[in-house]
Amino acid sequence: MSGTAQVLDARLLQALLQTLGPRRVLHQPAHLHAYACDGYVAQQGLPRAVVFPETTEEVAAVVSLLNQYDVPFLPRGAGTGLSGGATPLHGEVVISLARMNKLLAVDLENLRAVVQPGLVNLWLTKRVAHAGCYYAPDPSSQSVCTLGGNLAENAGGSHCLKYGVTTNHVLAAKVVLPNGEVVDLGATYGDAVGYDLLGLLVGSEGTLGIATEITVRLLKKPEAVQTALALFDRVADASDTVSAILRAGIVPAAIEMMDQLAMQAVDKSHYHVGYPPDAEAVLLIEVDGLAGGVEEQMRRVVELCRQHAARSVQVAQCEEERALWWSSRKMAFGATGRISPDYIVQDGVIPRTRLTEVLQYIADLSRNSGLRIANVFHAGDGNLHPLICYDARIPGQAELAAAVGSQILRACVDAGGSITGEHGVGVEKRAEMTYQFCDADLAAQEAVRLVFNPRNLCNPGKLFPTPGRCSEVRQSAWLAAQFAAVSAGFPEQTRILAPDRQGRQDGVY
Amino acid sequence: MASDQVTTAAPRNGAFLWPDAPAPEQYEVCVHCGFCLEVCPTYQEWRDENHSPRGRVFLIQAAAEGRLSLDAAVVDPVFTCLDCRACESVCPSGVPVGHLIEAARGQVYHADPPRGWRGALARLFLRGLFPHPRRLGVVRALLRLWQRFGLQCLAQRLGLLRLLPPHLRALAVALPEVTARPARLSLPERLPAAGPRKGRVALFTGCVMDVLFTPVHEATVRVAQRHGLEVVVPRDQVCCGALQVHAGDRPQAQALARRNITVFAESGVDYIAVNAAGCGAMLKEYPELFRGDPAWHARAQAFAQRVRDIAELLAEVGTEPPRGRVPQRATYHDACHLCHAQGVRVQPRQLLRSVPGLELVEMPDAERCCGSAGVYNLTHPEMAQTLLTRKLDDLPPGVEMVITGNPGCILQLRAGLAQRGQRIAVRHTVEVLDAAYQQEEEQA
């Protein structure tokens, strides 16, 4: 991994063009900026090139070429990741899988589907909905994020409380290894024989290989679904309700919570529900299953909400109402743009029973730092998403926000939880890895990476803390140099583009 | 958004050196979540981040902040955008992508005005023709000559149309029959309401709309009158300026806007009714053209508040369901500038559902652009054709009519259907409604 050879070798470029054709290789610097980051914008870098393979063979050919030229690379789906997993910090060649978006096969009888990695999560459900089937993991970005990205990040979602995360739904995959070899992992039926290598791959954040065909499990849509919206005057009451519901032996499909600031943000967007401004928390509780059971479960859920001082509990009366409530929850991250120019979304996990206490800690941090923090989270499984609002234009605020985020993650670990529930470590939480794991733990994980990715060409610098601070400093110096290089040609160009004294204008492009 | 009124001095170190630049408070709202990707027609086709709403906003911001110069990196994506605004409908943080694109095009227009034959053509239409009702009258006369005296048939028979590129040939064939005079002149200046008056409304006639679709204006007036609206047709109104804004020619658009604001202010009406989605969106967004001019900004706001799409207006004043029948199986295509830019989705469907005999079937992705997009089908024929094909493939089986609310879409869909030899009618919402009322009167 080298930070100096960010220019694409001319012979490599020729070979890439020959493999994919001119329309599927972006290599002119002008066309690379849009790939400087994914959904995590705090750190950015320019790739050497972006390529758009369409088949397993093409991915393998590209990866082999990059190996031959010793050039780092990383896979990218829709670029909606929130931890910077697809951000090219070392001039990687971005292998965009967005054009590999076919549904290759569906077996409705056996409830299996084979997809290419660029297929959008929700499209899979749409394509099998006619048969009453769906794909269960539902990250908030499901209308845009890809199944390949879901696999790389082991994505969760609102309904993983009952149905499990991506790893529970991915059964097999064809994978291009970091050296360009193609292997089949997992098993479409039954348990895979031998080591669970697919288990390793799911959630490896693009460091162990690139899945190019993914076999997933489909589910039959539950016979009935009911959704309740409960408003609370106090966060503590909402937290207690969550615990009470699960203690009562009810396993809802989802229990989601939003606090006051998050409610205000979504209510300012197209996804307006009309939450009362003085309510401190809202719970969105969904139960599903057989029609009879669902009704009874919902009756008990409503009762428990009332017992815990809910200000009001409403059960959705129609599909439109339910859809609006869900959109309001799923769009909450993006809607934060309505109340703050920038934000960091964190992704810590805690034991459910310590919800009130950790939320109080976050509130204190917010007060002390002067940064507003909205909370949107999967309350049922204790997966917090504090949204730390800041303004990058104010010097020091971005750093402060990052520090606050780090403190929240540490608090999660201290409470017995973890630093990520579903967004991954990426570049964002590398430093916190050392807080969660001791050196031996990390060494064991790195040893696995070296088996698959010995030359560290496949998504380098992600997931693990970079040893020593010097390399971080080197890297940021490299980044600075890169941006300087981009803007170096700029003053002349502005001069050319500006109308001169005679009013004559010389375009340059 | 902080405030509608801001100073529009170009940022100091940015690549946008001219006034009226993309506004920081508009692009800074983007949080890069990417929820816009999958509704963007160009991203759906190319799957390249450069040609996605998020990518475009990112590049515009980079140029504004001086990290990129105003070269192909920014210019190409800004011009491949259809300006269909589908991204705005899903954007959770409310980025006005359309305004950003339009303002960025304004900067490009200054930096590198269109040159060569393309530039000449653009200037001819956007500055020389559309803003001038008299010259449009000449075009109308020529078109009529072409159609009435069999010249069109002759040209078709001799194969002269084959000299045109395929997309233009299809459009030429799809042109509706032009009437003798524009509605702006043929309709009386004042038409009384039938029955008790619910309000006064001025009809916006537009440029292309009033050359090619005069009958739609007549239908609009009849339906409005029937529902208690007194209609006035201001003679001095001009083209709305939308095509100019899309092309980046903001000075020309501002001139047209000033004229219309003045003319309609004098008419003293309660509403300004528009039956072209593109014009309606433009008129409602006049304030955006005067961000740096508080006096005109205020006037533009007062003007914009009175603008209604005809379907929106009818829903607002209330309609009685027609008793005449239109026994056809039809589907409704949402014009981008009606659903995404104006948020009008329910009203046209409600009106159409009230028509006896009309069986309205929804098509998948009714809100996806048909590829017309102003003059996009002329400037980017390849992408426009791809989108048209997808749209036509999505028509539900057995429909006899496609209904929509924008002249550009009507032409585009007619051209596509003619190319395929499909005998499916394309009508404006208000035409269908009017047909039902006409039928009712014939029965009575």
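The values are calculated or read from the model by the stated rules, or taken from the named source; none is laboratory data. Small disclaimer: the values here were computed from a predicted structure and weren't measured. Using ideal geometry, Cβ is built from the backbone for each residue, glycine included, and neighbour counts are taken over all protein chains shown.
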Restricting region B:55-73 to residues that are assigned to a helix (DSSP H, G or I) and more than 8 Å from every other protein chain (Cβ to nearest Cβ), the residue that is nearest to A:Leu26 (Cα to Cα): B:Arg56
Conditions (1) touching a residue at least 24 places away in the same chain (Cβ under 8 Å); (2) outside any helix (DSSP H, G or I); (3) more than 14 Å from chain B (Cβ to nearest Cβ); number of the one not met by A:Gln317: (1)
Selection from region B:229-261 of residues that are part of a helix (DSSP H, G or I) and under 22 Å from B:Leu313 (Cβ atoms): B:Ala242, B:Ala257, B:Asn260, B:Ile261
In region A:126-163, the residues that are outside any loop (DSSP other than H, G, I, E, B), surrounded by fewer than 24 Cβ atoms within 10 Å (Cβ to Cβ) and away from every other protein chain (no Cβ under 14 Å): A:Val128, A:Ala131, A:Cys133, A:Tyr134, A:Leu161, A:Lys162, A:Tyr163
Criterion violated by B:Arg291 - all others in (1) at pLDDT below 95; (2) surrounded by fewer than 19 Cβ atoms within 10 Å (Cβ to Cβ) satisfied: (2)
Some residue of region A:472-480 being of a type in the set (A, V, I, L, M), assigned to a loop (DSSP other than H, G, I, E, B) and at pLDDT below 95: no
Output for region A:111-125, where each listed residue is within 14 Å of chain B (Cβ to nearest Cβ) and in contact with a Ser or Thr (Cβ under 8 Å, 6 or more places away or on another chain): A:Gln116, A:Pro117, A:Gly118, A:Leu119, A:Val120, A:Asn121, A:Leu122
Among the residues listed as A:Leu208, A:Leu218, A:Leu201, the single one being surrounded by fewer than 23 Cβ atoms within 10 Å (Cβ to Cβ) and either without any contact (Cβ under 8 Å) to a residue 60 or more places away in the chain or within 22 Å of the chain's Cα centre (by Cα) (or both): A:Leu218
Answer from B:Val78, B:Val39, B:Val31 - the residue that is over 22 Å from B:Gln244 (Cα atoms), under 22 Å from the mean Cα position of the chain (by Cα) and β-branched (Val, Ile, Thr): B:Val39
Among (1) of a type outside the set (A, V, I, L, M, F, W, C); (2) under 30 Å from B:His227 (Cα atoms); (3) surrounded by 23 or more Cβ atoms within 10 Å (Cβ to Cβ); (4) free of Cβ contacts under 8 Å to residues at least 60 places away in the same chain - the single one B:Ser372 does not satisfy: (2)
Selected residue (only one of B:Leu126, B:Leu68, B:Leu121 is touching a residue at least 40 places away in the same chain (Cβ under 8 Å) and surrounded by fewer than 24 Cβ atoms within 10 Å (Cβ to Cβ)): B:Leu126
Entirely in region A:18-110, the strands (runs of 3 or more DSSP E) that have 1 or more residues that are over 21 Å from the mean Cα position of the chain (by Cα) and more than 12 Å from chain B (Cβ to nearest Cβ): A:49-51, A:103-107
Close pairs from region B:315-326: first surrounded by fewer than 14 Cβ atoms within 10 Å (Cβ to Cβ), partner β-branched (Val, Ile, Thr) and not in a loop (DSSP other than H, G, I, E, B), Cβ under 8 Å, at least 6 apart: none
A:Asp9 being touching a residue at least 40 places away in the same chain (Cβ under 8 Å) and within 11 Å of chain B (Cβ to nearest Cβ): no
Residue in region B:104-112 that is within 8 Å of another protein chain (Cβ to nearest Cβ) and in a loop (DSSP other than H, G, I, E, B) present: yes
Residue match in region A:346-353 (condition: buried (at least 19 other Cβ atoms within 10 Å of the Cβ), among the small types (Gly, Ala, Ser), within 21 Å of A:Gln436 (Cα to Cα) and in the same structural domain as A:Leu409 (by TED's automatic domain parsing)): yes
Test for B:Ala86: is it at pLDDT 90 or above and within 8 Å of chain A (Cβ to nearest Cβ): no
Complete set of residues in region B:35-53 that are more than 8 Å from every other protein chain (Cβ to nearest Cβ), within 18 Å of B:Glu88 (Cβ to Cβ) and in a helix (DSSP H, G or I): B:Val39, B:Pro41, B:Thr42, B:Tyr43, B:Gln44, B:His51, B:Pro53
Filtered residues of region A:264-295 (kept if within 13 Å of chain B (Cβ to nearest Cβ) and in contact with a Phe, Trp or Tyr (Cβ under 6 Å, 6 or more places away or on another chain)): A:Asp267
Those strands (runs of 3 or more DSSP E) lying entirely in region A:342-436 with at least 1 residues away from chain B (no Cβ under 14 Å): A:373-378, A:386-390
Residue match in region B:88-97 (condition: under 19 Å from B:Leu59 (Cα atoms), among the β-branched types (Val, Ile, Thr) and part of a loop (DSSP other than H, G, I, E, B)): yes
Among residues of region B:113-167, those that are within 14 Å of chain A (Cβ to nearest Cβ) and on the phi > 0 side of the Ramachandran plot, counted: 1
Residue selected from region A:53-75 under the condition charged (D, E, K, R) and under 16 Å from A:Lys102 (Cα atoms), by the criterion surrounded by the most Cβ atoms within 10 Å (Cβ to Cβ): A:Glu58
